[in-house]
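Novice: I'd like to ask some things about the structure below.
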Amino acid sequence: MSPLYQGIDIVDVQKFRAVLARNPGLTEELFTGNEREYCLSRRDPSLHLASCFAAKESYLKAMGTGFHRTGIDYIFQEIEVGCTNPGKREILIQGWAARLAKRRKIRHCTLSISHASRYVVAAVLLAGD
């Protein structure tokens, strides 16, 4: 049986919105160009940005690192929440994040995001060899 790794994160959308309002440059640090383009085109960009943040944090938790060990400088740019199939969000990785996944023999990643009024929750499941 393949090893499984799980990560989950919850974000209070109102608090996240307030943090982004106090730190306008944070959006460019935390989100890739594709993520910003998608989220900012939505009716409530903060909800979608919070979803991407929760997904990235969930991925890092599943990898066993969290962003506190890796630093914020680049890791959030190397983990992208994409949508290659309509309606299905997924994690796309590059750089250090991809090298770490390869070293840990991660072969498959699933992402689930859900939100209800004030909160967003994201869960990531990684399967390895």
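The values are calculated or read from the model by the stated rules, or taken from the named source; none is laboratory data. Only a predicted model underlies this, so the values are computations on that prediction, with no experimental measurement involved. Backbone-built Cβ (ideal geometry, glycine too); neighbour counts: all protein chains shown.
Novice: For the stretch 17-39, state whether one or more residues are of a type in the set (Phe, Trp, Tyr), in a loop (DSSP other than H, G, I, E, B) and more than 27 Å from Leu4 (Cβ to Cβ).
Specialist: The answer is yes; a qualifying residue exists.
Novice: Please identify the pairs in which a residue from the stretch 28-50 that is more than 22 Å from Tyr74 (Cβ to Cβ) has its Cβ atom under 6 Å from the Cβ atom of a residue that is at pLDDT 95 or above and of a type in the set (D, E, K, R), counting only partners at least 6 apart or on another chain.
Specialist: Sorted first by the residue in the stretch 28-50, then by its partner, the pairs are Ser46/Arg17.
Novice: Can I ask one more? Does the stretch 1-45 hold any residues that are buried (at least 20 other Cβ atoms within 10 Å of the Cβ) and small (Gly, Ala, Ser), and which are they?
Specialist: Within the stretch 1-45, just Gly7 meets the criteria.
Novice: Within the stretch 51-70, work out how many residues are touching a residue at least 12 places away in the same chain (Cβ under 8 Å), closer than 19 Å to Ile113 by Cβ and part of a loop (DSSP other than H, G, I, E, B).
Specialist: So the count comes out to 0.
Novice: Could I ask something else about it? Against the condition assigned to a helix (DSSP H, G or I), in contact with a strand residue (DSSP E or B) (Cβ under 8 Å, 6 or more places away or on another chain) and farther than 18 Å from Leu30 by Cβ, how does Ala101 come out, does it pass? Show your work before the answer.
Specialist: Values: assigned to a helix (DSSP H, G or I): yes; in contact with a strand residue (DSSP E or B) (Cβ under 8 Å, 6 or more places away or on another chain): yes; farther than 18 Å from Leu30 by Cβ: yes.
In short, yes.
Novice: Answer with yes or no whether Ala97 is at pLDDT 95 or above and under 24 Å from Leu20 (Cβ atoms). Walk me through how you get there before you give the answer.
Specialist: Numbers: at pLDDT 95 or above: no; under 24 Å from Leu20 (Cβ atoms): yes.
No, not satisfied.
Novice: How many residues are of a type outside the set (Ser, Thr, Tyr) and outside any helix (DSSP H, G or I) if we restrict to the stretch 40-50?
Specialist: Taking the stretch 40-50 as the starting set, the residues that turn out to be of a type outside the set (Ser, Thr, Tyr) are 40, 42-45, 47-50.
Next, only the ones that are outside any helix (DSSP H, G or I) stay: 42-44.
The number of residues fulfilling the criteria is 3.
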